[in-house]
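Working notes for the structure below.
The values are calculated or read from the model by the stated rules, or taken from the named source; none is laboratory data. Predicted, not measured: the structure shown is a model, and the values here were computed from it. In this analysis, Cβ positions are derived from the backbone assuming ideal geometry, glycine residues included, and neighbour counts consider all displayed protein chains.
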């Protein structure tokens, strides 16, 4: 479990570096980008390894209803990422669409995986996203998208989200974590 915890902490620290120590990050210039990227990649590797080897109590198991809700929430999370990059209508309503997507994704995974390693992984990433939103809001008001919002962009975000969600579901099967079963 310690490898998983270190991975979540490393991911969080790398992402929060800009918010917690903005002067230090600015002083480092482009070198900070490499350090953050290395921290993020190392965090992901440790999270994957740590999650696969972690063992802990199971408070509830998978159920067809939670699997269905999980999939709907994850499709929404992927859509929020796509919409954010395309500046669609939803980005004029949600202040932090990508971080909202992370929070949605994390909650969905906690719902469907009722075990302690999942609480550590997805709960840790949920906590990071909440802290990130709080720090961003304290430092600056995020800009919301303003119209017009072409229908083509909206359709593109929806279709893109469905395609990416399908690829993610396939990858889950490939790694031994069925997304629909």
Inspect segment 57-77 for any residue being at pLDDT below 95, on the phi > 0 side of the Ramachandran plot and surrounded by 14 or more Cβ atoms within 10 Å (Cβ to Cβ) and give the result as yes or no. no
Name every residue in segment 141-178 that is closer than 19 Å to residue 93 by Cβ and in a loop (DSSP other than H, G, I, E, B), in order of residue number. 141, 142, 143, 144, 145, 146, 147, 148, 149, 150
Does segment 31-51 include one or more residues that are in contact with a helix residue (DSSP H, G or I) (Cβ under 6 Å, 6 or more places away or on another chain), more than 26 Å from residue 162 (Cα to Cα) and free of Cβ contacts under 8 Å to residues at least 24 places away in the same chain? yes
Among the residues of segment 136-157, write down those that are under 19 Å from the mean Cα position of the chain (by Cα) and loosely packed, with under 15 Cβ neighbours inside 10 Å. 137, 142
Which residue pairs have Cβ atoms closer than 6 Å, lie 6 or more positions apart in sequence or on different chains, and pair a first residue in segment 159-179 that is in the same structural domain as residue 85 (by TED's automatic domain parsing) and within 17 Å of residue 83 (Cβ to Cβ) with a second residue that is at pLDDT 90 or above and in a helix (DSSP H, G or I)? 160/82; 161/78; 161/79; 161/82; 164/78; 165/75; 165/78
